[in-house]
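**Q** Quick one: the structure is below, and I'll ask about it shortly.
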Amino acid sequence: MSKILVIAEHDGARLNPSTSKCVSCAAQVPGAAVDVLVLAVDAAAVAAQAASIVGVNRVLAADNPANAEPIAAVLAPQVAKLASGYTHVFGPSTTFGKDLMPRVAALLGVGQLSDIMAVEGAHAFKRPIYAGNAVLTVEAPQDAVLVATVRVASFEAAAEGGSAAVEKVDASVPLPTHTRFVSRSGATTGRPDLQTASRVVAGGRALGSADGFKLVYSLADKLGAAVGASRAAVDAGYVPNDLQVGQTGKIIAPELYIAVGISGAIQHMTGIKDARTIVAINKDGEAPIFEAADVGLVGDLFTILPELEKQLGG
Amino acid sequence: MRRIMVGVKRVVDYNVRVRVKPDNTGVVTEGVKMSINPFDEIALEEALRIKERGLADEVLAVSIGPTDTQQQLRTALAMGADRAILVQTDAAVGPLSVARLFRQLIDKEQPFLVLLGKQAIDDDNGQAPQMLAALWDRPQAVSCSKIEIADGKATVTREVDAGLEVLEIDLPAVMSVDLRLNEPRYVKLPDIMKAKKKPLDTVGLADFGVGEAPAFKTVRVDPPPQRQKGIMVKDVGELVDTLKKKGLV
């Protein structure tokens, strides 16, 4: 019997899809009973969304004014308190979970497993190392709580339509005031979210400028796709950092990934290897991206993209 | 003494294409170029810049690893670190043990800031900074792309999935750095000569009473499943036809 606590990621109003994917992962653990913990100022709305995920046993709602922003140093002691009695504590391998879960593990005095990509048993898991160039199978000790992050690109979202019970819980512990939220700025583009979009169009350094990148945005809008970028394009300042795909950016698994002017460094490829179909457009026929692409087209992106958009419109 | 402690991990160089050993016990590291973890290099560069702005007196580079790790610490000294400590061990040391070890060094060295890379590019764990902050009961700022220090506090910009997040944290604190924080300097030959005279102390892992047993047992290591090589199309028309046939557009 495994008792698993999944830490919900949310923005105070909406549950992040990463939570449902963590539940999918947790549900694959043999004999798992899965609870979801929502830490918020007023957890009711988010807890209701978590309760509708199929496979969730109970939703624990912990209200606290200190939970207004997801500050790891504030959330971790609450999670550590509520982890008592659980065999596993899972969070998503997003920037939220990567920030929080190691801090939780250290407070509990245990190691943490990063980026679960497959469940092999109640204490056996696979995870990627070396930018996904090797896959590690590990066994966790049976006698300690297992704190882990779940590689969300490896799991489908769980079905909706469940009706788990929501219970208020007391997570009160002394909380630090040494870390204070100031601001968050993000692109509110109206485009699909890169991490969960079924189609993604991504551009690389070959776009040449922020202006050149408009071709990528334009094709993405035509397809109803999210926009992504290589590290080179982000470093060059063509697009903001939150569009970066790869080992140190976002790991994504869309149905369709169109890579435009991206050479395909291994650090980039690790971010897209779970994409269903990869299309590569590059003027260099020797570019490594073509090794992994399902469909490749060699040519000048500045003529190909407008043409592609035109033909898709027909 | 206003001291910054920087973690420096020896890893397989960024440009090496890593191969899994035929017996599935790990990856091939024999005869492979080793370097400072690129994120740690950025952490060190930031420490040096903070010192150059007059906000710190000493930059201390710390590594945990085999004797050969002295090479990476000499590079750190050549970049500008004032001194270095190697905690010598041939065992693989997991993030929790690293954090426990750094926690002990903090008691001895009393830094006001610990700068670490946000992840090492070998294990891709990304845990040690957060664990250290927890054990130290101090603030953590993960994936920093901007750091400003004034009046015993720091204002840090973090790269998060939604964009950028700004936190104000009290010092001392642990920060982990992201790619766009800075561009590390190149080491010049005279600096390499100077670095040979800088202090590099070696201590044994056993001196710390931190268990080196990894938290998780490695069962096996496999190469990733390979994607099948796809098809090349000759023009946009054929591309659109192919995507339509696959039901993707």
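**Q** In peptide A:261-270, what is the residue-averaged number of other protein chain Cβ atoms found within 10 Å of each Cβ?
**A** Details: counts 0, 0, 0, 0, 2, 5, 2, 0, 2, 2.
Partner Cβ neighbours, averaged per residue: 1.
**Q** Using a 10 Å cut-off on Cβ to Cβ distances, tally the other chain neighbours for every residue of B:4-11 and report the average as a whole number. Numbers along the way, then the final one.
**A** On the way: counts 0, 0, 0, 0, 0, 0, 0, 1.
That works out to 0 on average.
**Q** Here is the link list: B:Lys21/B:Lys188; A:Lys126/B:Lys33; A:Lys126/B:Lys9. Which ones come out longer than 31 Å on Cα distance?
**A** On the way: B:Lys21/B:Lys188 36 Å; A:Lys126/B:Lys33 27 Å; A:Lys126/B:Lys9 24 Å.
Pairs exceeding the cut-off: B:Lys21/B:Lys188.
**Q** Something else now. Rounded, prolate or oblate: pick one for region B:92-174, where a ≥ b ≥ c are the square roots of the eigenvalues of its C-alpha gyration tensor, a/c under 1.5 means rounded, and failing that, prolate if a/b is larger than b/c, else oblate. Can you show the working numbers first?
**A** Working: a/c = 2.42, a/b = 1.16, b/c = 2.08.
It comes out oblate by the Cα gyration axes.
**Q** With only Lys, Arg, Asp and Glu charged, each at its Cβ (+1 for the first two, -1 for the last two), find how big the charge dipole of chain A is about the Cα centre; round to the nearest 20 debye. Spell out each step's value before the answer.
**A** Details: 24 positive and 29 negative charges, 50 e Å.
With only Lys, Arg, Asp and Glu charged at Cβ, the dipole is about 240 debye.
**Q** Which whole number gives the average, over all residues in A:134-145, of C-beta atoms from other chains lying within 10 Å of the residue C-beta?
**A** Numbers: counts 12, 7, 10, 7, 8, 4, 3, 4, 0, 0, 1, 0.
If you average over the peptide's residues, the count of other-chain Cβ atoms is 5.
**Q** Taking the simple approach of a point 7 Å from Cα along Cα-to-Cβ for both B:Lys217 and B:Ala150, what is their distance in nm?
**A** Here the answer is 5.5 nm between the modelled labels.
**Q** Once you wrap a convex hull around the alpha carbon atoms of the protein assembly as shown, what is its projected area averaged over all directions, in nm²? Present the calculation step by step, with values, prior to reporting the outcome.
**A** On the way: hull surface 102.3 nm².
In nm², the orientation-averaged hull projection of the protein assembly as shown is 25.6.
**Q** What's the FRET efficiency of A:Gln28 with B:Thr29 using the Cβ-Cβ distance as r and R₀ = 30 Å, to the nearest 0.05?
**A** Working: r = 32 Å, r/R0 = 1.08.
My answer for the efficiency is 0.40.
**Q** Highest mean first, how do A:168-174, A:108-114, B:111-117 rank when packing is the count of other Cβ atoms within 10 Å averaged over residues? The partial results should precede the final answer.
**A** Values: A:168-174: 13.4, A:108-114: 22.1, B:111-117: 25.9.
Answer by packing, highest mean first, reads B:111-117, A:108-114, A:168-174.
**Q** Also, quick follow-up: For the pair B:Asp57 and B:Gln104, what calculated FRET efficiency results from E = 1/(1 + (r/R0)^6), where r is the Cβ-Cβ distance and R0 = 22 Å, to the nearest 0.05? Display every interim value, and only then the final one.
**A** Details: r = 22 Å, r/R0 = 0.99.
After rounding, the FRET efficiency stands at 0.50.
**Q** Taking θ as phi - 60°, what are the ³J(HN,Hα) couplings along region B:7-14 by the Karplus curve (6.51, -1.76, 1.60), each to the nearest whole Hz, with x for Gly and Pro?
**A** Those phi angles translate into x, 10, 9, 8, 9, 4, 3, 3 Hz.
**Q** Same structure, new question: Amide H to amide H under 5 Å from B:Gly126: which residues, 5+ apart in sequence or cross-chain, H placed 1.01 Å off N in plane?
**A** Placed amide hydrogens put B:Ala120 under 5 Å from B:Gly126.
**Q** If you don't mind, there's one more thing I want to ask. Relative to the Cα centre, what is the charge dipole magnitude of region A:193-304, using +1 at the beta carbon of each Lys and Arg, -1 at the beta carbon of each Asp and Glu, and rounding to the nearest 20 debye?
**A** Numbers: 9 positive and 12 negative charges, 21 e Å.
With only Lys, Arg, Asp and Glu charged at Cβ, the dipole is about 100 debye.
**Q** Next question, about the same structure. Choose one of A:Ala51, A:Val147, A:Val135: the residue whose Cα lies farthest towards the positive end of the charge dipole of region A:2-168 (beta-carbon charges +1 Lys, Arg; -1 Asp, Glu; about the Cα centre).
**A** A:Val135
**Q** Take the Cβ-Cβ distance between A:Leu312 and A:Ser185 as r, set R0 to 25 Å, and report the resulting FRET efficiency rounded to the nearest 0.05. List each step's numbers first, then the result.
**A** Working: r = 33 Å, r/R0 = 1.30.
Efficiency computed from Cβ-Cβ geometry: 0.15.
**Q** When Lys and Arg each count +1 and Asp and Glu each count -1, what net charge do the other residues less than 14 Å away from A:Ala62, Cβ to Cβ, add up to? All intermediate terms of the calculation are to be shown ahead of the outcome.
**A** Working: positive: A:Arg58, A:Lys81, A:Lys168; negative: A:Asp35, A:Asp42, A:Asp63, A:Glu167, A:Asp170.
Result for the local shell: -2.
**Q** In which sequence would A:Tyr130, B:Tyr14, A:Tyr86, A:Tyr257 go, from the one with the fewest C-beta neighbours within 10 Å to the one with the most?
**A** Details: A:Tyr130 25, B:Tyr14 16, A:Tyr86 19, A:Tyr257 28.
Lowest count first: B:Tyr14, A:Tyr86, A:Tyr130, A:Tyr257.
**Q** Divide by every residue of the protein assembly as shown the summed helix terms, -39500 (n - 2.57) for each DSSP H run of at least 4, and state the resulting mean residue ellipticity at 222 nm, rounded to the nearest 500 deg cm²/dmol.
**A** Values: 15 runs with 146 residues, N = 563.
It lands at -7500 deg cm²/dmol.
Rule-based calculations on the coordinates, nothing more; no lab input. From a predicted model like this one, the values you see are computed outputs, not experimental measurements. Heads up, the Cβs are rebuilt from the backbone with ideal geometry, glycines too, and the neighbour counts pull from every protein chain shown.
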